[in-house]
Amino acid sequence: MSTKPQTSTYQAGELIIEKGANADKAFMIMSGKVRVYLEDGEKKVDLATLKQDDIFGETAIFSGQNYGAN
């Protein structure tokens, strides 16, 4: 895990993390919104919509597990 914050830009609809992937980063939303969902077959089940200043991905890092959702 990097100790220095990095800034990345993502386009609407772009996948940021994938469920089951190795958790190596946490993210803070600087602007916009992020959809958190699970896939059930071909259906996407929404879990949350995150917004500016929300953080995600940290639980997987601290627990030593893989990411739990897309």
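Here are some notes:
- Highest-MSF residue in the chain out of Asp54, Asp40, Asp24 [GNM, Cα springs under 10 Å]: Asp40
- Listed by chain and number, the lysines placed with their C-alpha closer than 22 angstrom to that of Lys43 are Lys19, Lys33; residues fewer than eight positions away on the same chain are left out.
- Listed by chain and number, the aspartates and glutamates whose alpha-carbon sits under 18 Å from that of Lys25, ignoring those within fewer than 8 places in the same chain, are Glu14, Asp53, Asp54, Glu58.
- The chain - percent relative contact order, Cα under 8 Å, separation 6 or more: 40 percent
- The Cα trace of the chain gives Rg and Dmax of 12.2, 38 Å, the first to one decimal, the second as a whole number.
- Considering only Lys19, Lys51, Lys43, the Gaussian network model of the chain with Cα springs below 10 Å gives its largest mean-square fluctuation to Lys43.
- Solvent-accessible area per residue, Å², over the chain with all protein chains present [probe radius 1.4 Å]: 81 Å²
The values are calculated or read from the model by the stated rules, or taken from the named source; none is laboratory data. For clarity, every value in this text was computed on a predicted model and none was experimentally measured. Areas reflect the complete protein model, heavy atoms only, side chains present, ligands, DNA and RNA absent. Shrake-Rupley method; radii C 1.70, N 1.55, O 1.52, S 1.80 Å.
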